[in-house]
Amino acid sequence: MAALSTRKDELGDIRKAASGATRDIKKFERALAQLRRRGVRAIQQEAQVMRKTMANRYQRLGLYADKRGALRRVRKPGKKWNDRKKDLKLDPRPGIARKGVLKTLQSPRVISKRTHGFVYDLKIPAITVTGRATLGKSERNVAGKRIMGGTGKTRSVIGTAVKRMVTNRRSFAVNSYIDHFADMSAPGLGSLSGEDKKKLDRVALEAVNKHLADLGEAGRRRLGDTSMLKFTVRSERLTNFLTRGRV
């Protein structure tokens with residue numbers, strides 16, 4: 001009942017704003033803010049769907065989006081690294097090896113909600129992977145269980161336990177090499193593709209238009225002429241994006 005009452009109040013404010021019945025600027029701005037929240041909420045939900053699509057694209061096809069939003073293939077490694085991967089029995093696909101970058105792309109934590117949209121940041125998951133590193137065994141430190149800190153939304157990995165053992169494996173912090181990997185093999189890794197950005201545009205506008213469905217054409221047109229709704233999509237690693245649309 002509370003949600004239904006809130007929606008009625010929102011539509012009431014928007015109808016007054018659209019009809020010109022209110023001269024109260026604060027009420028008008030509140031009506032527009034309600035529309036923005038609908039659009040922002042929609043792209044935040046779509047961001048997780050988009051994140052899965054990007055990870056699947058990378059895993060199955062070796063594709064990523066560059067800084068201009070064009071899809072590119074991860075560059076094939078040189079002969080020396082290819083031979084090394086064969087010796088260590090690592091995944092032969094470009095950009096996979098010990099799966100550190102892939103697991104980062106798959107992590108829900110690459111998407112962080114913000115008031116005006118979301119941040120897509122490959123550094124936030126801070127994943128550590130362990131894999132075969134030498135042909136012979138030796139005593140070395142290997143990552144154990146993750147140490148968690150904080151509660152609720154602030155809960156995150158604050159450290160990793162270490163165990164000493166005789167092994168041919170080694171632990172790697174993905175954040176220590178992901179920038180170098182991107183520069184050498186996938187320039188622009190962490191960007192959204194042109195199609196991804198268009199999809200976010202559509203999703204935001206569909207959410208807003210659905211909310212305005214009861215207003216009628218005149219009301220929608222007046223609000224559309226009055227305000228350009230902006231939903232901010234940020235990539236901390238590379239580029240800032242704006243998805244824009246009229247109501």
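Contact map, segment 121-132: first residue modelled with pLDDT under 90, second residue of a type in the set (Phe, Trp, Tyr) and crowded, with 17+ Cβ neighbours inside 10 Å, Cβ cut-off under 9 Å, separation 6 or more or different chains; pairs are 128/172; 129/172; 130/172; 131/172.
Listed here are the residues, each with its yes/no results for (1) buried (at least 19 other Cβ atoms within 10 Å of the Cβ); (2) assigned to a helix (DSSP H, G or I); (3) at pLDDT below 85; (4) among the basic types (Lys, Arg).
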{"position": "33", "(1), (2), (3), (4)": "no, yes, yes, no"}
{"position": "41", "(1), (2), (3), (4)": "no, yes, no, yes"}
{"position": "45", "(1), (2), (3), (4)": "no, yes, no, no"}
{"position": "52", "(1), (2), (3), (4)": "no, yes, no, yes"}
{"position": "57", "(1), (2), (3), (4)": "no, yes, no, yes"}
{"position": "60", "(1), (2), (3), (4)": "no, yes, no, yes"}
{"position": "67", "(1), (2), (3), (4)": "no, no, no, yes"}
{"position": "75", "(1), (2), (3), (4)": "no, no, no, yes"}
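Looking at this structure, is residue 195 modelled with pLDDT under 85, exposed (fewer than 14 other Cβ atoms within 10 Å of the Cβ) and over 19 Å from residue 97 (Cα atoms)? When the stated conditions are applied, residue 195 does not pass them. For segment 83-117, a residue qualifies if it is out of contact with any strand residue (DSSP E or B) (no Cβ under 6 Å at 6 or more places or on another chain), polar (S, T, N, Q) and either at pLDDT 90 or above or surrounded by 13 or more Cβ atoms within 10 Å (Cβ to Cβ) (or both), and the qualifying residues are 104, 106, 107.
The values are calculated or read from the model by the stated rules, or taken from the named source; none is laboratory data. None of the values given here were measured: they were computed from a predicted structure. Reconstructed Cβ throughout: ideal geometry from the backbone, glycine too, with neighbour counts over all protein chains shown.
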